[in-house]
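Below: one structure, written as C-alpha cells.
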Amino acid sequence: TEQRWRHLDTMQFETILVACLPRCQCQEHGVKTVQAPWAARHSRFTLLFESFAIELLLHCANIKAAASMLRLNWHAVNHIMQRAVERGLSRRQADGIAYLGIDEKSFKAGQHYVTTLNDLDQGRVLEVVEHRTTEATKELLETLSQQQREQAKAVSVDLWQPFANAVNQLLPNADLVHDRFHISKYLNDAVDAVRRKESGELRKTGDKRLVGSKYVWLRNPEKLHTQQQLELNTLMNGEFKTGQAWALKNMFRVFWQLGCADAGSFFFEYWSKRVDAAGLTPLIKVKEQLLRHFDKVLTWFKHAITNAVSEGLNSKIQIIKASARGFHRFESYRNRILFYCGKLNMAIES
C-alpha cells in the first residue's frame, strides 16, 4: 500500500516522500507492515520534519503560529506536540526528588483549577491533574514511583487542606512546609481588606486620603520609589487603621529570618498578641489560620523551601494560556504545560 510522509521543504517547495512499504507474515503476530526508517510509527511526517516542528513550537509557544509557518492545520501540529510529550514522559528516569511543590492554576472560568506537581530543585512540572481536591492530589502524587515517594524530604504547599491530606497519606517521610509567599499574600489581602473598609468609611465624610493608595500599602518598603515612600510616610502620620495593619504585616517578615523553630514560636506568640490588641478582623483571621497550621509553618526552619519555583512556572503557564486564548479540554492544557514546562527529552532518534 502506498504511503506518504511530509518532509522538510526543498528550496521552499513542499516535499512529500512516497513509498510502498513491504508487509511480512509473522507466525506470532500475523501480517505486519515494515516500519519506515525515516518516520515514527503511525506518523505522517518524517523524523526530520517532526524534529523541526518541535523546535519551532518550543520557540513559538503558540500552535496556531507554528501551524501557519509549517503550512499544516492546527490538529496536525497538536498531534506532533502530543507525541513529543508522550515520548518525553516515557524517557523520564525515576530518580529521587528531594523537594516537591504542589500548586494550583486556574483552568476555565469560575472555581475550576488544575493542580501541578513540581520538582523544586530542577524547576520543572512533573505532572498535572484536573481539580484541586484530595483525590485529585492523591492521583497526582501516585504518578511518582514508590521509591520517589519514600525519598521525598519535604513538600511546599499553601494552606489548602486537600493538599495537606494527600501529602500526609502518600508521602510518609516528607515534611509539609507551608509556603511563605502564600502566607505573605494572605497578610497582604488582610491589609487591603482593612484599607477598603476604612476608605469606604472615610469617603462618607469626604475624606479621600486612602483612595488610590492600594499598592503603597502592599509593596515591601524597600521596593517603594521616592514618591511612594513620601506618600507612605504621609499616610502613616494620619494614624489610620490601615497603617496598623501594614505595620503588623511587615513585622511578620522577621519570622522568616529567625534561626530556629523555638525563636519562631516565641515571635509568633508576641506577634499574635499585637494582632489581637489591634483588633483588626482580617488580620485576626489570618493569625487564627496560621495558628491552626502552625506546626507546618515551623517546618520552614528545617527545610527552607518555598513555592517560588512553582510561582515562576505558574507565570510561564499563564503566558501559555493567554497565548492559546484559553483551553476547552484539560488534555490540551496538560500537554501544553508538560511540553513547555516539563523539561522533557522529546528529541527524535533516527
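The values are calculated or read from the model by the stated rules, or taken from the named source; none is laboratory data. Quantities reported herein were computed from a predicted structural model and do not represent experimental measurements. So basically every Cβ, Gly included, is an ideal-geometry build from the backbone, and we count neighbours across all protein chains shown. We work out accessible area using only protein heavy atoms, side chains counted, and drop any ligands, DNA or RNA first. Shrake-Rupley method; radii C 1.70, N 1.55, O 1.52, S 1.80 Å.
To keep it simple, each residue is scored yes or no on (1) exposed (fewer than 10 other Cβ atoms within 10 Å of the Cβ); (2) farther than 21 Å from residue 335 by Cβ.
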| site | (1), (2) |
| --- | --- |
| 11 | yes, yes |
| 17 | no, yes |
| 24 | no, yes |
| 29 | yes, yes |
| 34 | yes, yes |
| 41 | yes, no |
| 46 | no, yes |
| 51 | no, no |
| 57 | no, no |
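Given the criterion under 24 Å from the mean Cα position of the chain (by Cα), assigned by the TED database to the domain that holds residue 141 and open to solvent by less than 100 Å² (accessible area, probe 1.4 Å), identify the matching residue among 187, 171, 218. Before the answer, list the steps.
Numbers: 187 fails: assigned by the TED database to the domain that holds residue 141; 218 fails: assigned by the TED database to the domain that holds residue 141.
Exactly one residue qualifies, and that residue is 171.
Cβ-Cβ distance below 7 Å, separation of 6 or more or different chains: which pairs start in region 14-33 with a residue that is over 22 Å from residue 70 (Cβ atoms) and end on one that is of a type in the set (Ser, Thr, Tyr) and surrounded by fewer than 10 Cβ atoms within 10 Å (Cβ to Cβ)?
As it stands, the answer is 20/1, since those pairs meet every condition given.
I'd like to know if region 36-44 contains one or more residues that are without any contact (Cβ under 8 Å) to a residue 24 or more places away in the chain, more than 21 Å from residue 128 (Cβ to Cβ), among the charged types (D, E, K, R) and not in a helix (DSSP H, G or I).
yes
So which residues in region 143-160 are closer than 25 Å to residue 252 by Cβ and open to solvent by 80 Å² or more (accessible area, probe 1.4 Å), if there are any at all? So that I can check it myself, show each step before the final result.
The first filter runs over region 143-160 and keeps only residues closer than 25 Å to residue 252 by Cβ, leaving 154-160.
Result: 160, single match.
Here is a list: 338, 313, 344. Which entry is within 28 Å of residue 47 (Cα to Cα), open to solvent by less than 50 Å² (accessible area, probe 1.4 Å) and in contact with an Asp or Glu (Cβ under 9 Å, 6 or more places away or on another chain)?
338
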